[in-house]
Amino acid sequence: MLIINDFATIRQMEGQGAISRPLAVHLAKKTERLRAALEPDCEPDDFKLGPQHGIICIMEPGDKDLSGAGITQPLSEIMFEWISRLQVEDLSYYVVYIMVNNDNILQVYLPDQYLESAVRTWINEQPVEEESDDDEANTYEEPF
């Protein structure tokens, strides 16, 4: 599981080839929106997600749960607060938001190709919004 806490992590993951350039751009835009909403006076390179604001995770091949983010229940037993779908080049991600506590929301990018069929079926039965980097194209109230 890839865990993103700040802009430096995004740059590092892109540089190592762990995430694509388009996904890195998307994550940087999302992190900037979070910084502007949560700590507008903080310099971008000083902004940290972490336990205070929640982290952003990306599931990798072989991940069966979110234990890397501190959640031990199987995906099939977690109730998501919000689900969106993001298309990045030829990869499709479900972006799920999990309220860990009253102050902390975990954002998890689930690559469609890595999901178990039961989880994919359950997600597709839920309301799923399309997520975009184009702020004007978003017609829904994005949680972050």
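Remarks
- Selection status of Gln87, under 15 Å from the mean Cα position of the chain (by Cα), closer than 22 Å to Pro127 by Cβ and not aromatic (Phe, Trp, Tyr): yes
- Any hit, segment 111-120, residues being assigned to a strand (DSSP E or B) and either surrounded by 14 or more Cβ atoms within 10 Å (Cβ to Cβ) or out of contact with any Gly (no Cβ under 8 Å at 6 or more places or on another chain) (or both): yes
- For segment 121-142, residues that are modelled with pLDDT of 55 or more and either part of a loop (DSSP other than H, G, I, E, B) or of a type in the set (Val, Ile, Thr) (or both) total 9.
- Whichever residue in segment 63-84 is in a loop (DSSP other than H, G, I, E, B) and touching a residue at least 60 places away in the same chain (Cβ under 8 Å) and, among such residues, is farthest from Pro127 (Cα to Cα): Asp63
The values are calculated or read from the model by the stated rules, or taken from the named source; none is laboratory data. Model, not experiment: these values are computed from the prediction. For neighbour counting, all protein chains shown are included, and Cβ atoms are generated from backbone atoms with ideal geometry for every residue, glycine included.
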